[in-house]
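The values are calculated or read from the model by the stated rules, or taken from the named source; none is laboratory data. Since we're looking at a predicted model, the values are computed, not measured. Glycine gets a Cβ as well: all are built from the backbone with ideal geometry, and neighbour counts include every protein chain shown.
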Amino acid sequence: MLLSVFQTLMAGYSRLLPGSASDTALHLLTTPRVSRGPLSFRTSEPDLTVSLGERAQLAIWQGGDEAALFVHGWSGRATQMLPFIDAVNGNRYTRYALILPGHGEQADGPAHVGDFIAAIRLALDFIGGPVSVALGHSMGAGALAHVAAQESRIERLVLIAGPAEFRGMVNNFASFLHLGERARLQLLQKMAARVGIGFDALNIARLGKQIRGPVLLIHDTGDREIPFAEGLRLQQAIPEATLHQTQGLGHRKVLRDAAVIDTVKAFSDSPLPSQAPLKALA
């Protein structure tokens, strides 16, 4: 009831004062809705946590020589990655989980996909060598894919409920708020200016052909936040992508599903392409 009233008010507001309404929408779209307080990884507390830049952090579980990186989504928490962190072989991998700007123990201001991308690059610089497998959820998946398309330090990707493009995410949010057309267009312009990266450069479907190495896509057919069609677009765009579809899990329960966790474990347990044994010549 309250949501429908708010949407009705935003619809009228955006038609009378599109500039102000788009400012309100931008504020909502760049303010993470996160439960604050200490991050608890329960029985799997990291060995150490380091700061990356001014606002990001990196939790580290010491282990093997290879690196595995985990990136949570918008309005998510690094603790959501724990099932996958636990599933990945600690004897093989040292595991790293990003705590992204705006998503830490205390509110520290707005955040957007540009902040996610910058934090991922800082994490890669900290790790130093190649990352054997990187897993991201939602906006974290999209930011990871953007970085992987630009450079070769990420050897394999797991993209869970990831977007095919970010313009669509903003348009979907505008539709959710029932914004009028002028307010919607202004929101797109203001978001692009805030992020500092044009929407064309954030079109993962267009960049997909530049992503090298195996990619595991996981997407639920009933995802209401990032529709399943986005996963299909990514499958078509990324040369070595495999799509694992689920049903009835939506956008977040997919992170806790035993079959999904097992699928990610099997993917991370497989050898890198460079490590795979050569087939014997006939």
Notebook entry, point to check: Which of the residues spanning region 221-239 are surrounded by fewer than 18 Cβ atoms within 10 Å (Cβ to Cβ) and β-branched (Val, Ile, Thr)?
Noted result: 221
Next item on the list: Considering only region 240-259, state which residues are surrounded by 13 or more Cβ atoms within 10 Å (Cβ to Cβ) and either over 18 Å from residue 78 (Cα atoms) or of a type in the set (Gly, Ala, Ser) (or both).
Entry: 240, 241, 242, 243, 244, 245, 246, 249, 250
Check: Is there a residue being at pLDDT 95 or above and crowded, with 18+ Cβ neighbours inside 10 Å anywhere in region 175-184?
Finding: no
Item checked: Odd one out for residue 20 among (1) closer than 23 Å to residue 255 by Cβ; (2) loosely packed, with under 15 Cβ neighbours inside 10 Å -> (1)
Checklist line | So residue 71, is it in contact with a Leu (Cβ under 6 Å, 6 or more places away or on another chain) and closer than 15 Å to residue 141 by Cα | finding: yes
Item checked: Some residue of region 17-35 being assigned to a strand (DSSP E or B), hydrophobic (A, V, I, L, M, F, W, C) and at pLDDT 85 or above -> no
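Results for (1) closer than 22 Å to residue 152 by Cβ; (2) modelled with pLDDT of 95 or more, shown as yes or no for each residue.
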| residue | (1), (2) |
| --- | --- |
| 235 | yes, yes |
| 239 | yes, yes |
| 247 | no, yes |
| 256 | no, yes |
| 259 | no, yes |
| 263 | no, yes |
| 270 | yes, no |
| 274 | yes, no |
| 278 | yes, no |
Next item on the list: From the list 218, 204, pick out the single residue that is in contact (Cβ under 8 Å) with a residue 60 or more places away in the chain, crowded, with 16+ Cβ neighbours inside 10 Å, of a type in the set (Val, Ile, Thr) and over 15 Å from residue 116 (Cβ atoms).
Entry: 218
Next item on the list: For residue 51, work out the one condition from (1) assigned to a loop (DSSP other than H, G, I, E, B); (2) farther than 21 Å from residue 133 by Cβ; (3) in contact with a strand residue (DSSP E or B) (Cβ under 6 Å, 6 or more places away or on another chain) it doesn't fulfil.
Entry: (1)
Item checked: Residue, surrounded by the most Cβ atoms within 10 Å (Cβ to Cβ), within region 100-159, restricted to residues that are of a type in the set (Asp, Glu) and farther than 17 Å from residue 79 by Cα -> 115
Notebook entry, point to check: Quick check: anything in region 1-12 in a helix (DSSP H, G or I) and aromatic (Phe, Trp, Tyr)?
Noted result: yes
Next item on the list: Residue by residue through region 60-80, note down the ones that are within 22 Å of residue 145 (Cβ to Cβ), in contact with a helix residue (DSSP H, G or I) (Cβ under 8 Å, 6 or more places away or on another chain) and of a type in the set (A, V, I, L, M, F, W, C).
Entry: 67, 68, 69, 70, 71, 74
Check: Which of (1) surrounded by fewer than 23 Cβ atoms within 10 Å (Cβ to Cβ); (2) of a type outside the set (Asp, Glu); (3) more than 25 Å from residue 251 (Cα to Cα) is the odd one out, the single condition residue 67 does not satisfy?
Finding: (1)
Next item on the list: Among the residues of region 39-58, count how many are under 14 Å from residue 98 (Cβ atoms), surrounded by fewer than 18 Cβ atoms within 10 Å (Cβ to Cβ) and among the polar types (S, T, N, Q).
Entry: 2
